[in-house]
Each structure stands twice: as C-alpha cells, then as structure tokens.
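Data block below; observations after.
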Amino acid sequence: MTSLLSISTNVKISDFCEACKINEINVVEPSDNPDQPYKLCNQCHKRLLKYSLRLVEWYNLAVIHSPNKFLLHDDFYDDDGEACQPEVDVIVTKKDKAPTLKNVRNDLESLLDFSINEVVS
Ligand SMILES: [Zn+2]
C-alpha cells in the first residue's frame, strides 16, 4: 500500500504497470536495455511473453521502450501494434484501441473549441 504521503515525498512517477497503467507492478522483466526493464502486472507480463499484448498495452510499452525491442518488434506486432502471431487470443475492445495521431488531433481541436467558447461566453 502506498500512502498519499509517500507519493508526494517520493519522486517516483508511478507504480502502475507500464502496459495497462491500471494494475500495480507485479513483475520486472529484463529487456534489451538492462537499465530499463519492463515493469508489468502479472496479466500484461504473461501477454508480453506470449506476444499477445492488446493494442493499447503494446502502444504504452512502445512509447516507453521503443517498438524495436525484441518482445515488441514487428515480427510479432504490425505497425499499429496489432499482434501478428499471438500465442493466446487477444481480446480487443473498442476502448483498448491505441490512440492514433488522428484521435489526438481531434482531441486537441475539441479542446481548442472548448477554450475558445469559454472565452467568448
Ligand atoms: Zn498491466
């Protein structure tokens, strides 16, 4: 258990799984870079080793570790992070879709619209 007090006094950014960003870290898996292991929950760790990450999980890891890492590279995932040869079924729901540039741009535009409206009214 991490108390609020220790969060504010520690510089640590987060103790959440790097892939799903929901569960706490259970496993530290060595990566190609010894200084930057994968920090994952049990479920994501299992999926990483079976090349069965969901899009958003692949995306989150690729952002941190780069998509060129052995467990993330394009033999196992296509350009969009879709698993090519998962050893277990990948269950993808709509909210698991990784954000694309287009989505981000739309979000930015709606944020802008919103702030402009705020100023006018
Ligand atoms: Zn996870």
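Might you let me know whether region 59-73 holds any residue that is under 14 Å from the mean Cα position of the chain (by Cα), surrounded by 11 or more Cβ atoms within 10 Å (Cβ to Cβ), of a type in the set (S, T, N, Q) and modelled with pLDDT of 75 or more? Within region 59-73, one or more residues are under 14 Å from the mean Cα position of the chain (by Cα), surrounded by 11 or more Cβ atoms within 10 Å (Cβ to Cβ), of a type in the set (S, T, N, Q) and modelled with pLDDT of 75 or more. Here is the figure for region 15-57: residues that are more than 12 Å from the ligand (Cβ to nearest atom) and touching a residue at least 40 places away in the same chain (Cβ under 8 Å) total 2. For region 93-104, the count of residues that are modelled with pLDDT of 80 or more and either at negative phi or assigned to a strand (DSSP E or B) (or both) is zero. Within region 14-25, not a single residue is of a type in the set (Ser, Thr, Tyr), surrounded by fewer than 15 Cβ atoms within 10 Å (Cβ to Cβ), at pLDDT below 85 and more than 15 Å from the chain's Cα centre (by Cα).
Exactly one residue out of Val56, Val28 is at pLDDT 80 or above, outside any helix (DSSP H, G or I) and among the β-branched types (Val, Ile, Thr): that is Val28.
The values are calculated or read from the model by the stated rules, or taken from the named source; none is laboratory data. Fair warning: this is a prediction, and the values are worked out from it, not measured in the lab. Backbone-built Cβ (ideal geometry, glycine too); neighbour counts: all protein chains shown.
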